[in-house]
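The values are calculated or read from the model by the stated rules, or taken from the named source; none is laboratory data. Quick caveat: nothing in here was measured; it's all calculated off a predicted structure. No Cβ is skipped: glycine too gets one built from the backbone with ideal geometry, and neighbour counts run over all protein chains shown.
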Amino acid sequence: PLVSMTEMLKKANAEGYAVGQFNLNNLEFTQAILQAAQEENSPVILGVSEGAARYMGGFKTIVALVKALMEEYGVTVPVAIHLDHGSSYESCAKAIHAGFTSVMIDASHHPFEENIETTSKVVELAHFHGVSVEAELGVVGGQEDDVIADGVIYADPQECEELVKRTGIDCLAPALGSVHGPYKGEPNLGFKEMEDINNRAGVPLVLHGGTGIPTHDIQKAISFGTAKINVNTENQIASAKAVRETLAAKTEEYDPRKYLGPARDAIKDTVKGKMREFGSSNKA
Ligand code: G3H
Ligand code: ZN
C-alpha cells in the first residue's frame, strides 16, 4: 500500500535496519524500484526531486503512474512517494495535494529561525493530510539537480534537538560529511555527531548521498539511528552503463525498449543489492 514514512522508519529504527530512498528519473526507474521492492519483500521510499518531477510530467503524473504500476504489479509492500529536497512551503503543499505521502522540506540553507518557521508550516499541513515530513540541517556536499553546495557543513547537535522539538518533524537529515554524487576518495562521516544527534533528536535519522558509502559505514550509521538512506547516483550510473554497453554492442539498434530494458534490469539489480545491504529485505 501507499503509506507515509512514519511507521516504516520507526520499525526500521526498532529492528536495526534502514529503508532505502531510491530516486525516480523516468518510467524505467519507477518500474525497476517497485519490482525490486516487491521481489525483496522490502518497504521502499520513492524519492522525487523537483527536477525529476518537472522531467516526468509533474507531481500528479507521478502519483498516477506509481498507483497504476503498483496495481499492475500487485505490489503489497509499503511504498512511500516522497518529495526529495522540497525547496519551499508551496512546493511541499503542491506535492501533498497531488497525493504524495511524504515530503522533505529542505530549508537548511536558510537561517535557523527561518528553517524552523517554514518547516513548522509544512508539518502542520502535512500531518493534517497524514503525510510525513523530513527536514535537514547543515550542508550536504556535491550537487543534485537544483541543490548545489560548495562545501560541507556539519549539522549542529543542539540545533537538531531544537528543530525536532519545535517543529514536530518525523525524521531528520543532519548533514555529517556526506555528498550528493560520487565521493572523491573515502567518505568521512561524522559518527560522533551522529551518535549525539541520535540521542538528542528522538526521531529516525536520514543519510543523504548514499552512493559510494562503504558497507561498514552504512552499518555504523544504522547503529546510530539512521533509518533512511538516499540513493540516486548509483542507479543512474548502472542505468547509463547498461545503455552504453547495449548501444556499443548493437550499433544499429534504435528501439528504446531494447536499450532501456537492460537499463531497467540494471537498476533493479542495484536496488535489490542496496535493500540487502541496508537490511530491509523481508521487512515489509
Ligand atoms: O536526496 C537524494 C540523495 O541524497 C542521493 O544521493 O545521488 O549521492 O546517491 P546520491
Ligand atoms: Zn539528498
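At-a-glance table
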item: Scope region 115-130; condition more than 13 Å from Val103 (Cβ to Cβ) and in contact with a Gly (Cβ under 8 Å, 6 or more places away or on another chain); matching residues; result: Ser120
item: Subset tally (residues that are in a helix (DSSP H, G or I) and either hydroxyl-bearing (Ser, Thr, Tyr) or farther than 15 Å from Thr6 by Cβ (or both)) for region 120-147; result: 4
item: Within region 20-73, tally of residues that are among the β-branched types (Val, Ile, Thr) and surrounded by fewer than 15 Cβ atoms within 10 Å (Cβ to Cβ); result: 1
item: Residues of region 102-135 classified as free of Cβ contacts under 8 Å to residues at least 12 places away in the same chain and either surrounded by 15 or more Cβ atoms within 10 Å (Cβ to Cβ) or touching a Lys or Arg at 6+ places or on another chain (Cβ under 9 Å) (or both), total; result: 1
item: Matching residues in region 78-99 - criterion: being more than 16 Å from ligand 1 (Cβ to nearest atom) and on the phi > 0 side of the Ramachandran plot; result: Gly99
item: The lone exception for Gly185 - which of (1) more than 13 Å from ligand 2 (Cβ to nearest atom); (2) under 25 Å from Ser4 (Cα atoms) it fails; result: (2)
item: Which numbered condition Val140 fails, given (1) of a type in the set (A, V, I, L, M); (2) within 14 Å of Lys121 (Cα to Cα); (3) out of contact with any Leu (no Cβ under 8 Å at 6 or more places or on another chain); result: (2)
item: Pairs with Cβ under 6 Å, 6+ apart, first in region 62-89 and within 23 Å of Asp146 (Cα to Cα), second in a helix (DSSP H, G or I); result: Ile62/Met56; Val63/Ala98; Ile81/Val66; Leu83/Ala95; Gly86/Cys92; Tyr89/Thr118; Tyr89/Lys121; Tyr89/Val122
item: In region 126-177, the residues that are touching a helix residue (DSSP H, G or I) at 6+ places or on another chain (Cβ under 7 Å), away from ligand 1 (no atom under 12 Å from the Cβ) and closer than 20 Å to Ile45 by Cα; result: Ala126, His129, Val131, Ser132, Val133, Ala135, Ile169, Asp170, Cys171, Leu172, Pro174
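Results for (1) modelled with pLDDT of 95 or more; (2) within 16 Å of ligand 2 (Cβ to nearest atom); (3) within 17 Å of Ser102 (Cβ to Cβ); (4) not small (Gly, Ala, Ser), shown as yes or no for each residue.
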{"residue": "Ser49", "(1), (2), (3), (4)": "yes, yes, yes, no"}
{"residue": "Arg54", "(1), (2), (3), (4)": "yes, no, no, yes"}
{"residue": "Lys60", "(1), (2), (3), (4)": "yes, no, yes, yes"}
{"residue": "Met70", "(1), (2), (3), (4)": "yes, no, yes, yes"}
{"residue": "Tyr73", "(1), (2), (3), (4)": "yes, no, no, yes"}
{"residue": "Thr76", "(1), (2), (3), (4)": "yes, no, no, yes"}
{"residue": "Val79", "(1), (2), (3), (4)": "yes, no, yes, yes"}
{"residue": "His82", "(1), (2), (3), (4)": "yes, yes, yes, yes"}
